[in-house]
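Here the structure comes first, spelled out in structure tokens, and everything after it is commentary.
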Amino acid sequence: MFKHRGIRLLVLIGIVLFVLGNLSACKKEEAEVVFDVDKLKEQCNALTLQAVEGDVSPIFEMIKEDYKNGTSLEGFQEYLDTRLRQAEDFEEIIKSEFMQGQHPLDKYLIGSVVDLVRYTNGLMSFTYQFNENNELIGFAITFEVRKF
């Protein structure tokens, strides 16, 4: 009787190891980057520098029409001005990062560039989102007051 339990246990362990091996082999691969990352970062850096100077019109003009959600250039400018009023003395763009993900509802790829900008009193991030056709479909600014 013990012999049969031992064989069953070995068979069970073998099956578990086989299943675990197959599961690890089926690891989800990351999607291939379909965006021109360097070009997008360079483009976003130029847009960020213009925004830092107070001109948001190039960003607004680039946003795909059906993603403007009825926002006017004046409303967009007020959005920028509100954040810029919090910041004191622009220093530099300290980092530019690219990320790729999938739209949570529509399941298409989105490329995001985040420019991190240092001011004397904090950090501002400019986030740009692009569809697979490299069309700007989203933009956001956040400011975090920090003591350096």
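Miscellaneous remarks
- Identity of the residue in segment 92-109, over 8 Å from the mean Cα position of the chain (by Cα) and aliphatic (A, V, I, L, M), that ends up surrounded by the fewest Cβ atoms within 10 Å (Cβ to Cβ): Leu105
- Of all positions in segment 113-130, at least one carries a residue that is over 20 Å from Leu40 (Cβ atoms), touching a residue at least 12 places away in the same chain (Cβ under 8 Å) and of a type in the set (Ser, Thr, Tyr).
- Residues within segment 57-102 that are closer than 16 Å to Gln129 by Cβ and among the β-branched types (Val, Ile, Thr), tallied: 3
Bear in mind that the values in this text are calculations on the coordinates, not laboratory data. The shown structure was predicted, so the numbers you read here are calculated from the model rather than taken from an experiment. Note that each Cβ is placed from the backbone with ideal geometry, even for glycine, and that neighbours are counted across all protein chains shown.
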